[in-house]
Amino acid sequence: GGLRRSAHHPGRAPVAMARSVTLRLERELLRGGAWLVAGVDEVGRGALCGPATVGVVVVDATTRTAPPGVRDSKLLSAAVRESLVPRIRRWAVACAVGHAEAHEVDALGIIAALRLAGHRALAALPQLPDIVVLDGNHDYLTGHSQPSLLEPDLVPVPAVRTQVKADLRCAAVAAASILAKTERDALMVRLAAEHPGYGWETNKGYAAPEHVDALGRLGPSAQHRLSWRLPGIVAREE
């Protein structure tokens with residue numbers, strides 16, 4: 001949907017651009033007894049190939065306001081996202097990014113693959129947070145499907161607070177979205193060199209016209225999510 005404009009101020013800028021992200025929710029949780037609060041966001045959920053990626057950014061009571069420019073990664077240009085990464089790494093108490101590969105998306109399904117990527121990101125932190133603020137309304141971190149396949153990477157899940165539009169409101173979540181997007185984009189550019197022809201260096205694995213066209217001409221690569229109904233490919237009888 002489009003960005004909502006204020007009914008009382010028809011000339012006002014769209015809400016997402018007018019309002020900066022803040023640490024309001026994170027500080028509320030810290031005042032409520034948490035020592036470490038993590039913002040978590042995912043990228044690559046809807047891509048046709050490549051990993052599903054989850055970023056995590058940890059803040060505590062000493063964390064200052066986020067670096068200027070931190071927003072949901074979808075609102076920023078690639079150049080601005082890249083410039084923010086070192087600032088976010090200096091600002092955060094800790095941060096990490098985890099991936100679930102395309103073959104794991106095929107084996108587990110996208111939700112369990114996001115859980116796997118999230119657990120890998122959490123496992124890479126020096127210390128687990130007390131609570132996670134998760135963008136959206138679905139907690140994919142604490143599900144229990146496919147435990148045997150996930151077991152090697154599972155960590156004890158802290159409390160999870162789902163928050164719709166957290167990537168537009170919560171500084172730690174917006175920062176996590178930037179880290180996840182920049183890392184996944186860089187990975188897709190590297191994979192594009194290994195699998196030329198699909199245009200991943202620009203479309204990052206999403207269903208852009210040149211990607212769909214290449215699927216029709218070249219067929220799927222080892223990086224495609226083969227369990228998905230990939231566009232451009234004539235359905236084959238199993």
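Take residue 229 and tell me if it is basic (Lys, Arg), over 18 Å from the mean Cα position of the chain (by Cα) and modelled with pLDDT under 95. For residue 229, the condition - basic (Lys, Arg), over 18 Å from the mean Cα position of the chain (by Cα) and modelled with pLDDT under 95 - is met.
If only residues of the stretch 189-231 that are outside any helix (DSSP H, G or I) and among the polar types (S, T, N, Q) are counted, the one that is nearest to residue 109 (Cα to Cα) is 227.
Note on the stretch 63-104: residues that are surrounded by fewer than 16 Cβ atoms within 10 Å (Cβ to Cβ), more than 30 Å from residue 222 (Cα to Cα) and among the charged types (D, E, K, R) amount to 3.
Say whether the condition of being out of contact with any Gly (no Cβ under 8 Å at 6 or more places or on another chain), without any contact (Cβ under 8 Å) to a residue 60 or more places away in the chain and of a type outside the set (S, T, N, Q) is met by at least one residue in the stretch 50-62. Yes; the residues of the stretch 50-62 include at least one that is out of contact with any Gly (no Cβ under 8 Å at 6 or more places or on another chain), without any contact (Cβ under 8 Å) to a residue 60 or more places away in the chain and of a type outside the set (S, T, N, Q). For the stretch 48-62, state whether one or more residues are surrounded by fewer than 16 Cβ atoms within 10 Å (Cβ to Cβ) and touching a helix residue (DSSP H, G or I) at 6+ places or on another chain (Cβ under 7 Å). For the stretch 48-62, residues surrounded by fewer than 16 Cβ atoms within 10 Å (Cβ to Cβ) and touching a helix residue (DSSP H, G or I) at 6+ places or on another chain (Cβ under 7 Å): present. Scanning the stretch 76-95 for residues being touching a residue at least 60 places away in the same chain (Cβ under 8 Å), of a type in the set (A, V, I, L, M) and out of contact with any Ser or Thr (no Cβ under 6 Å at 6 or more places or on another chain) gives a total of 5.
The values are calculated or read from the model by the stated rules, or taken from the named source; none is laboratory data. What you are looking at is a predicted structure, and each value in this text was computed from that prediction instead of being measured. Neighbour counts run over all protein chains shown; Cβ positions are idealised from the backbone, glycine included.
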